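Beneath this line is the structure, given in C-alpha cells, with notes to follow.
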Amino acid sequence: MPVDDTTASPNSKDGPAAPGPGAPLAIQVEDLHKSFRIPTQRVDSLKERAVHPFASREYRELHALDGVSFEIRQGEFFGIVGRNGSGKSTLLKLLASIYRADSGRIQIAGRLAPFIELGVGFNQELTARENVVLNGVMMGLTPKEVRERQDAVIDFAELHDFANLKLKNYSSGMLVRLAFSVMLEADADVLLIDEVLAVGDASFQQKCADAFHQMKIAGKTIVLVTHDMNAVEEYCHRALLLADGKVQFIGDPAEAGRDYLKLNFEAGGVSPTGLGGVESDGARLLECMVVDESGPEATGVESGEDIRIRTEVELQRETASAVHVGFVVTNADGLGIFEFGELMDPEEQAESFPAGRRFTLAAKVENRLAPGRYFIHVGVTSAGGISAYAENAATFVVFGGSKTNGIISPRVKFEVESNGSSS
Amino acid sequence: MSSASRPVAELREVQGPSALGGGSRRFFDLLWLISVTEFKRVYFGTVLGYLWSLIRPLILFGVLLFVFTQVFKVGSNLVEHYAVMLLLGIVLYTFFQEATSNSVTSVVAQEGVVRKTQFPRLVIPLATVVTAGFNLMLNLVIVVVFVLAFGVSPAWTWLLFPIALLFLFVGAAGMSMALSALYVRFRDTAIIWVVVSQVLLYLTPILYPVDAFDSSTKERLLMVNPLAVIFEQVRVWILHEPGAPTALDAAGGWLGLLPAAAIYFGVCIYGAWFFNREAPRIAEAL
C-alpha cells in the first residue's frame with residue numbers, strides 16, 4: 001500500500017469533496033425491514049419439541065429495522081450512527097450479506113468488503129502468512145491475487161520478522177495490525193467498517209487515520225458504523241442517524257452528531273435522581289427540574305444554551321422572615337462548581353408567608369459548563385428552624401460543544417500589548 | 001488502494017447469505033483452502049502429527065483382528081483375507097465417522113466467522129468432509145501395502161474402487177450438511193449422532209462378512225443400509241474372492257437395492273435442501 005502523501009493530515013477535511021448528485025450510486029437501500037423473533041422460551045432440544053409439540057412457540061417480534069431507505073454515492077464516506085439497539089449493527093449485517101432482509105431491497109455496486117470486527121476468521125494455530133491468504137480469499141480475492149499481495153500486507157503491518165509465527169504467539173497489537181492491513185489490501189469497491197477505529201495504540205491509530213484518509217482520496221466508498229462522533233465529523237461526507245430502526249436524519253455529519261448526542265441523553269442513560277434524600281422541617285420541596293425553553297422537563301442542555309431550572313417549594317409553617325432558596329451545582333464527581341440562590345421577602349408579597357404557601361422559582365443560568373453530567377442540590381431555609389434540603393434534586397447533561405480540559409469553559413478576552421523587544 | 005480510477009460498477013441486488021453465495025469459483029477456492037489449512041493444522045499442530053490418524057484405526061484393527069480370529073473365529077473361517085477386509089472396512093468407516101461427527105458442530109464452532117463475515121455457509125461442513133478425505137487418502141496408502149503384503153493379487157476390478165469412494169464421499173457430505181444444520185437448531189443432534197454412528201458400525205459388514213448370516217432375509221435386511229451396499233461392493237472389487245456375494249446378490253436383486261438407494265439419495269437430497277434452507281438464517285440462530 002503505497003502511502004505517497006504522508007504529510008496529509010487526517011484531521012482535516014481536505015479529501016475529495018462529497019460526490020455530487022450526479023455521481024453513480026454505490027449502495028441503494030429501499031424500504032428495508034428486518035425483525036427478529038425472540039422466542040419467549042427457547043426450544044433447544046428435540047426432547048422438548050417432542051414433549052411439547054405445540055407449546056413454546058410464542059415469539060416476541062423485535063423490529064430491528066423498520067423501513068430504512070437511503071442511497072450512498074460512489075466515492076462517498078458515509079457514517080451510520082445510532083444508540084445501542086437502534087438497528088445499526090443489523091443494517092450493517094444486512095449490507096454485508098450476513099443476515100437476510102425480511103423485505104426491501106439492497107443494491108450494491110462492485111465488491112464489498114465487510115469489517116464487522118478485525119481479525120474474524122483468523123486461526124490462532126496458523127501462521128500470519130497462512131492467515132493472510134485465508135482471510136484474503138474469504139474477502140473475495142482469488143488465491144493467486146492473495147499470494148501476490150501477501151508480502152505487501154505483512155510489510156504494512158510491520159510484521160516482517162514474525163510472518164511465519166503462529167498467531168497464538170502474537171500480541172494483541174500485532175494481531176490488530178495484521179487484521180487492519182489485510183482489510184486495506186482487500187481492495188474492495190465498498191468498505192463496511194464497524195468500530196475499528198478504536199483499536200491499537202496511538203501510533204497505530206494514526207496509521208489507521210492516515211489509511212482512511214488515503215482511501216478517501218482514492219475515491220473509495222466507505223461506510224463507517226460507529227459511536228465515535230468525532231470520527232464521523234472528521235471523515236464523513238454525510239451521516240445517517242438511526243433510531244428505533246428508522247432513519248432519523250440523513251445529511252450533515254455535524255448535525256447528525258448533535259442529534260445523536262441529544263437522543264442519547266434524552267432516551268435514557270441515567271434517570272434523574274428525583275427528590276431523593278430530602279430532609280425537611282417546616283418546608284417542602286415539591287419539584288425541582290431542568291426544563292426546556294418551552295416548558296417540559298429536559299435531561300440535557302446543549303453546550304452554551306442557558307440552563308433553566310424550575311423549583312416549587314411549599315411552606316408548611318408560617319414564617320415572617322425571608323425565605324432563602326439556594327442551589328449548588330456539582331459535577332458527577334461531587335465537586336461543587338458554583339452556587340446561587342434567591343431571597344424572598346414577605347414584605348414584597350404579603351405581611352408574612354402563611355402555612356401552605358407555595359411558590360415556583362424559575363432560574364435561568366448562563367451555561368459555561370463543560371460537556372458532562374451535573375447534579376443540582378437545593379436548600380430552603382427561613383427563620384424559626386424552617387429548612388428543607390434535597391440532595392441530587394435534579395440532574396442534567398451538558399452535551400455538544402468541543403471537548404475541553406477542566407470543568408468550565410468561561411468566555412475569555414485577550415488584550416495583547418506590544419512592549420517592544422528586550423534588547 | 002492502488003487504483004484511483006476504476007470502471008463504474010453497476011448496482012446489483014444483494015441476495016443475502018446463502019449456502020453457496022459468492023460464485024462457484026470463490027466457493028471452491030475457500031473449500032480447498034480451508035480443508036488444506038485444517039489438515040495442516042491437525043498434522044503439524046501435534047507432536048506425532050499424521051501418525052495419530054493412522055494409529056487410531058490401526059489399534060482398532062489390531063483388537064478386532066484378535067477378537068474375530070482368535071476368540072470367535074468368525075472372520076477367518078469365512079473370508080480368505082479377513083484381515084484385509086477388516087482393515088479396509090475400518091479405514092473407510094473411519095473416514096465416514098470422522099467426516100460426519102466433525103461436521104456436526106462445525107457450523108456452530110465457526111460462529112465468529114458465520115456471524116461476522118460474508119461466507120458461503122456450505123463450505124464449513126464440506127471442509128470437514130474434505131479434510132477427512134485427505135486422511136482417508138493417506139490411510140489408503142497403508143491399506144494398499146497391507147493388501148499386497150497379505151497376498152491379494154491385483155485385479156482390474158480395483159479400478160472400480162473410486163466409484164465406491166465417490167458414493168461414500170457424497171453420502172458423507174449429504175449427512176454432514178443435514179447434521180450441521182440440524183445441530184444449529186437442536187443441540188442434542190451431536191449426542192444422537194454418536195449413538196447412531198456406533199450402531200451403523202455394527203450394521204455394516206466390516207467386522208463380519210455379509211455371508212456370515214444364516215438366512216438371506218437377514219442379508220437383505222442388512223442391505224437396506226447404504227453403507228453396507230458400498231462396503232460389500234468394495235470387498236468384492238478389492239478382494240475378488242470367488243464365493244463372495246456382490247451387493248446385488250446379497251440384496252436379492254435390483255428390487256432389494258431400492259431401499260438403500262432411497263435412503264442414500266434421500267439423505268443427500270434432504271441434506272442439501274435442508275442446509276440450503278437454513279443457511280440464510282444460521283447467523284441469526286446462533
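The values are calculated or read from the model by the stated rules, or taken from the named source; none is laboratory data. The structure presented is a predicted model; accordingly, all values stated were derived computationally and were not measured. Using ideal geometry, Cβ is built from the backbone for each residue, glycine included, and neighbour counts are taken over all protein chains shown.
Among the residues of the stretch B:96-119, at least one is among the acidic types (Asp, Glu), in a helix (DSSP H, G or I) and modelled with pLDDT of 85 or more. Going residue by residue through the stretch A:391-403, is there one that turns out to be closer than 22 Å to A:Glu305 by Cβ and loosely packed, with under 12 Cβ neighbours inside 10 Å? There is at least one residue in the stretch A:391-403 that is closer than 22 Å to A:Glu305 by Cβ and loosely packed, with under 12 Cβ neighbours inside 10 Å. Scanning the stretch B:20-31 for residues that are within 8 Å of another protein chain (Cβ to nearest Cβ) and either over 12 Å from B:Gln118 (Cβ atoms) or modelled with pLDDT under 75 (or both) yields B:Gly21, B:Gly22, B:Arg25, B:Asp29.
Quick check, is B:Val236 buried (at least 18 other Cβ atoms within 10 Å of the Cβ) and touching a residue at least 24 places away in the same chain (Cβ under 8 Å)? Yes; evaluated as a whole, the condition is true for this residue.
In the set (1) at pLDDT below 80; (2) away from chain A (no Cβ under 14 Å); (3) buried (at least 19 other Cβ atoms within 10 Å of the Cβ), B:Ala283 fails one condition alone, (2).
The combined condition, being at pLDDT 80 or above, within 12 Å of chain B (Cβ to nearest Cβ), within 34 Å of the chain's Cα centre (by Cα) and surrounded by 18 or more Cβ atoms within 10 Å (Cβ to Cβ), is fulfilled by A:Val190.
Yes/no matrix, rows are residues, columns are (1) aromatic (Phe, Trp, Tyr); (2) at pLDDT below 85; (3) at negative phi:
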{"residue": "A:Ala267", "(1), (2), (3)": "no, yes, yes"}
{"residue": "A:Gly274", "(1), (2), (3)": "no, yes, no"}
{"residue": "A:Leu286", "(1), (2), (3)": "no, yes, yes"}
{"residue": "A:Glu293", "(1), (2), (3)": "no, yes, yes"}
{"residue": "A:Glu297", "(1), (2), (3)": "no, yes, yes"}
{"residue": "A:Glu312", "(1), (2), (3)": "no, no, yes"}
{"residue": "A:Glu318", "(1), (2), (3)": "no, yes, yes"}
{"residue": "A:Val329", "(1), (2), (3)": "no, no, yes"}
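Taking first residues from the stretch B:5-19 that are more than 7 Å from chain A (Cβ to nearest Cβ) and partners that are at pLDDT 70 or above and surrounded by fewer than 16 Cβ atoms within 10 Å (Cβ to Cβ), the Cβ contacts under 9 Å between residues at least 6 apart in sequence or on separate chains come to B:Ala19/B:Arg277.
Which of the numbered conditions does B:Gly252 fail, given that it passes all the others? Conditions: (1) more than 14 Å from B:Leu92 (Cα to Cα); (2) free of Cβ contacts under 8 Å to residues at least 40 places away in the same chain; (3) within 22 Å of the chain's Cα centre (by Cα). Result: B:Gly252 fails condition (3) only. Scanning the stretch B:158-171 turns up one or more residues that are among the β-branched types (Val, Ile, Thr) and over 12 Å from the mean Cα position of the chain (by Cα). Considering the stretch A:83-122, and only residues there that are within 7 Å of another protein chain (Cβ to nearest Cβ), in contact with an Asp or Glu (Cβ under 8 Å, 6 or more places away or on another chain) and part of a loop (DSSP other than H, G, I, E, B), the residue that is nearest to A:Ser69 (Cα to Cα) turns out to be A:Tyr99.
Among the residues of the stretch B:155-163, is any within 14 Å of another protein chain (Cβ to nearest Cβ) and surrounded by fewer than 19 Cβ atoms within 10 Å (Cβ to Cβ)? Don't jump to the end; show me each part of the working.
Pass one, the stretch B:155-163, residues within 14 Å of another protein chain (Cβ to nearest Cβ): none.
Looking through the stretch B:155-163, none of the residues is within 14 Å of another protein chain (Cβ to nearest Cβ) and surrounded by fewer than 19 Cβ atoms within 10 Å (Cβ to Cβ).
Restricting B:Leu203, B:Leu160, B:Leu148 to those that are in contact with a Phe, Trp or Tyr (Cβ under 6 Å, 6 or more places away or on another chain) and closer than 28 Å to B:Leu64 by Cβ reduces the list to B:Leu160.
Considering B:Ala190, B:Ala155, which residue is more than 18 Å from B:Leu31 (Cβ to Cβ), in contact with a His (Cβ under 6 Å, 6 or more places away or on another chain) and not β-branched (Val, Ile, Thr)? Criteria check complete, one pass: B:Ala155. Of all residues in the stretch A:331-368 being of a type in the set (D, E, K, R) and not in a loop (DSSP other than H, G, I, E, B), which is modelled with the lowest pLDDT? For the stretch A:331-368, the residue satisfying everything is A:Glu348. Taking the stretch A:172-187 as the range and being within 16 Å of A:His160 (Cβ to Cβ) and surrounded by fewer than 21 Cβ atoms within 10 Å (Cβ to Cβ) as the test, the residues that pass are A:Gly173, A:Met174.
When the stretch B:1-14 is filtered for residues that are modelled with pLDDT of 70 or more and either among the β-branched types (Val, Ile, Thr) or touching a Pro at 6+ places or on another chain (Cβ under 9 Å) (or both), the ones remaining, listed by number, are B:Glu10, B:Leu11, B:Val14. The set of residues from the stretch A:142-160 being more than 12 Å from every other protein chain (Cβ to nearest Cβ), of a type outside the set (Val, Ile, Thr) and in a helix (DSSP H, G or I) comprises A:Gln150, A:Asp151, A:Asp155, A:His160. Note on the stretch A:123-141: residues that are more than 8 Å from chain B (Cβ to nearest Cβ) and surrounded by fewer than 22 Cβ atoms within 10 Å (Cβ to Cβ) total 3.
Taking the criterion of being more than 28 Å from A:Gly384 (Cβ to Cβ), assigned to a strand (DSSP E or B) and acidic (Asp, Glu), the only residue of the stretch A:302-330 that qualifies is A:Glu302.
Just to be sure before I move on: is B:Ala244 without any contact (Cβ under 8 Å) to a residue 40 or more places away in the chain and either surrounded by fewer than 17 Cβ atoms within 10 Å (Cβ to Cβ) or of a type outside the set (Val, Ile, Thr) (or both) in the structure I sent? For B:Ala244, the condition - without any contact (Cβ under 8 Å) to a residue 40 or more places away in the chain and either surrounded by fewer than 17 Cβ atoms within 10 Å (Cβ to Cβ) or of a type outside the set (Val, Ile, Thr) (or both) - is not met.
What are the residues in the stretch A:62-84 that are surrounded by fewer than 18 Cβ atoms within 10 Å (Cβ to Cβ) and among the hydrophobic types (A, V, I, L, M, F, W, C), if any? Passing the criteria: A:Leu62, A:Phe70. What are the residues in the stretch A:324-380 that are surrounded by fewer than 12 Cβ atoms within 10 Å (Cβ to Cβ), within 23 Å of A:Val398 (Cβ to Cβ) and touching a strand residue (DSSP E or B) at 6+ places or on another chain (Cβ under 9 Å), if any? A:Gly334, A:Gly336, A:Ala362, A:Lys364, A:Glu366, listed by residue number.
With respect to being more than 22 Å from the chain's Cα centre (by Cα) and more than 14 Å from every other protein chain (Cβ to nearest Cβ), B:Pro259 falls outside the description.
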